[in-house]
Amino acid sequence: MIVDSKQYNGLCACGRTHTMTTEWCILEAGALTHCDEHIASHGLGGFAVAIYDENTYAATDGRHPHADVEIVLPPEGLHADEHGVGLALPQIPDGCDYLIAVGAGTVHDITRYCAYELGVPFVSCPTAASVDGFCSSVAAMTWDGFKKTFTAVAPRIVVADLEIIARAPMRLTRSGFGDMIGKYIALAEWRMGRALTGEYLCPTIHDMTMDATNDVLSSAEGIVRGELAAYEKLTYGLLMSGLAMQLLGFSRCASGAEHHISHLIEMQPEPLGLCSDALHGEKVGVGTLLAVREYYRLTDGERPRFIDYPAVSDGEIVAAFGDRLSPSILAENKSDCAAAIIAELLDERWGALCDIVRTIPTEAVLLEKYRLLGLCSTLSDIGVSEDRTDDLLTFSPLVRDRLTLMRLRRAMR
Ligand SMILES: [Zn+2]
Ligand SMILES: [Zn+2]
């Protein structure tokens, strides 16, 4: 399968002009064996540096793209942080013309960051269908102990070898599935934003992400059977999610309440006692189920009583997030996206919001797929105590100033 940006760039029916930096993607069994041709035919040449970790170097044995320098990072304790960048960046010689990332999320984020620092393009060779960040234009890094999103660069081209991806550890594949299933929440919330406030929504970007998510949901059986076609659907979905974010210019189509739950856990706020060693997509998968359950509970039962959206108090943030995290959370909530939502509006549009919730696959439908794949489905599965559920639902919306039904719970009694 080929994805060509020419299909997507340009003036859209939504009235805006969309562009993506990623020019071309190929998803194919054996694609890495032709990587050099793909690179050359897309105008990249000169001094190449490829970045691997030891696992992905071994996994792609015999299919290494040509590079003048190969950097193979030790996988133990390798994270997208200043340590990981510090291992890679000094090994890249002056005069490097382009980078090649051969690996999963961490190798990509490190490479993406280096490419941005050096002002050179990079080629993405994902070795596992583990996250939707391959085509992202931002790098999710931990810097000085803080999770930060850095401006970085999206890959110029993507060469996804489905044989390599299908042989990756199953846990990585499951994690990619979890990251992708979260789009059901994000997309529903985007439509809720439009229904409530007239928020801009691009139907083309919305629908292409939705189609990709539906395909991923239906790929679970094939993934269990090891079918390349199912891995292709999953990988395509993860790439499309990143490309959709490039086209849109922000992450509304790819990240909502489920990601906020995952981010809150990743931030490890001391007062809430949250932390987890789970992979990103495992946390997003659990966050998705928590959001689905809560959204159906809110909309299926007795109609809530609405109040005007109450401002988030500084004291509440400090109590939940502690001294280390509060400054950034206070800044994030300074101009609250829900500040203008009054009881009357919620009352009037509640029916429309309930209809949108009913388009999200139910918990039972999702759980069946999770169990088939063996994907984490409960907080205990990701090492978080079940009695943290209320805290997660209450405080996770505060990590990001984005209009979600989870944030609007504050206006419901
Ligand atoms: Zn559009
Ligand atoms: Zn994600």
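Simple spin-label estimate for Ala13 and Glu227 gives 3.0 nm between the two label positions (7 Å along the Cα-to-Cβ direction from each Cα). Between Asp314, Asp109, Asp401, find the one with the highest GNM mean-square fluctuation for the chain; connect C-alpha pairs within less than 10 Å. For the chain, modelled as a Gaussian network with Cα springs under 10 Å, the answer is Asp314. Note on the chain: dipole from Cβ charges, positive end direction compared against Val102, Thr17, Thr142; the farthest Cα belongs to Thr17. The antiparallel fraction among DSSP beta bridges confined to the chain stands at about 35%. For the chain, the longest principal axis of the alpha carbon atoms and the long axis of helix 105-118 meet at an angle near 70°.
Our note on the geometry: Cα centres of region 193-263 and region 1-48, 19 Å apart.
Note on Gln268/Met170: beta-carbon distance plugged into 1/(1 + (r/R0)^6) with R0 of 22 Å gives a FRET efficiency of 0.25. In the chain, the longest principal axis of the Cα atoms and the axis of helix 170-181 are about 50 degrees apart.
Shape call for region 114-260 from the C-alpha gyration tensor, a ≥ b ≥ c root eigenvalues: rounded (a/c under 1.5), prolate (a/b greater than b/c) or oblate? Because a/c hits 1.5 or more and a/b fails to exceed b/c, region 114-260 counts as oblate. Please work out the C-alpha center-to-center distance from region 359-398 to region 164-189 and express it in whole Å. About 14 Å separates the Cα centre of region 359-398 from the one of region 164-189. When each of Arg305, Arg293 is scored by the number of other beta-carbon atoms lying within 10 Å, the sequence from fewest to most is Arg305, Arg293.
The slack in the chain from Glu37 to Thr378, taken as 0.36 nm per residue of separation less the alpha-carbon distance, amounts to 118.3 nm.
Comparing Glu163, Glu316, Glu266 in a Gaussian network model of the chain where C-alpha atoms under 10 Å apart are linked, the largest mean-square fluctuation is found at Glu316. Computing FRET efficiency as 1/(1 + (r/R0)^6) for Ala195 and Cys275, where r is the C-beta to C-beta distance and R0 is 45 Å, gives about 0.80. Run the numbers on the chain and let me know its relative contact order in percent, using alpha-carbon pairs under 8 Å that are six or more apart. For the chain, the relative contact order is 16 percent.
So how tilted is helix 363-373 from the main axis of the chain? Cα-based, degrees 0 to 90, rounded to 10. It works out to around 30 degrees. Charges were assigned to the Cβ only: +1 to each Lys and Arg, -1 to each Asp and Glu. The resulting dipole of region 178-411 about its Cα centre is roughly 340 debye. Just check region 270-413 against the gyration tensor rule for me: Cα atoms, a ≥ b ≥ c as the square roots of the eigenvalues, rounded for a/c under 1.5, and otherwise prolate or oblate depending on whether a/b exceeds b/c. Oblate.
In the chain, helical runs assigned H by DSSP with n ≥ 4 each contribute -39500 (n - 2.57); averaged across all residues and rounded to the nearest 500, the mean residue ellipticity at 222 nm is -14500 deg cm²/dmol.
Going by a ≥ b ≥ c, the root eigenvalues of the Cα gyration tensor, does region 1-160 fall in the rounded group (a/c under 1.5), the prolate group (a/b larger than b/c) or the oblate group? It comes out oblate by the Cα gyration axes.
Placing +1 on each Lys and Arg Cβ and -1 on each Asp and Glu Cβ, with no other charges, gives the chain a dipole about its Cα centre of roughly 1100 debye. Peptides 1-7, 18-24, ordered by how many other C-beta atoms sit within 10 Å of their residues on average, highest first, read 18-24, 1-7. A Cβ-based charge dipole, computed about the Cα centre of region 2-168 with Lys and Arg at +1 and Asp and Glu at -1, lands at about 640 debye.
Read-outs: derived from the displayed coordinates by stated rules, not from any lab. Computed from a predicted structure; not experimentally measured. Positions of Cβ are backbone-derived with ideal geometry, glycine not excepted, and every protein chain shown enters the neighbour counts.
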